[in-house]
């Protein structure tokens, strides 16, 4: 039933990366996405940062919002935690998704209008997330579910609630 880990030295546990993402929405419910390559339709994702040594996930999410779009997020609500297992091209990781809340007014002045790409940012309707974010669309969908249903699963494994 459980994997045999007798070959692992407890003094040197496996390395697991920690990421935090910020789910920011506009007044229409569109989700803010960012990228390093706006021409690659599949390179878009939530505002994301990797944790530094001894940095707690909610501070990483705050840094993602501030560094990428100058959003100062005072209060964060955890939406989901996704434990992603190691694969051929990825390292084992924990992904924390926090609610960056719906933005209105002055916060939106520095962000693109719906349908526009500006400074590697864009808003995407929730139903378009699967195309833009193939590696994380399940995590984002579960986070959006949590906004509507507070009893939706918080803990995920590779984007799905554990069996």
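Structural remarks
- If both residues of a DSSP beta bridge must be in the chain, then about 65% of such bridges are antiparallel.
- Rough spin-label spacing in nm, given labels placed 7 Å along Cα→Cβ, for residue 147 and residue 127: 1.6 nm
- At 0.890 mPa s and 25 °C, Stokes D of the chain from Kirkwood alpha-carbon radius, µm² per second: 148 µm²/s
Computed from the coordinates by the stated procedures, all read-outs in this text should not be read as laboratory data. From a predicted model like this one, the values you see are computed outputs, not experimental measurements. Cβ: placed from backbone, ideal geometry, glycine included. Neighbour counts: every protein chain shown.
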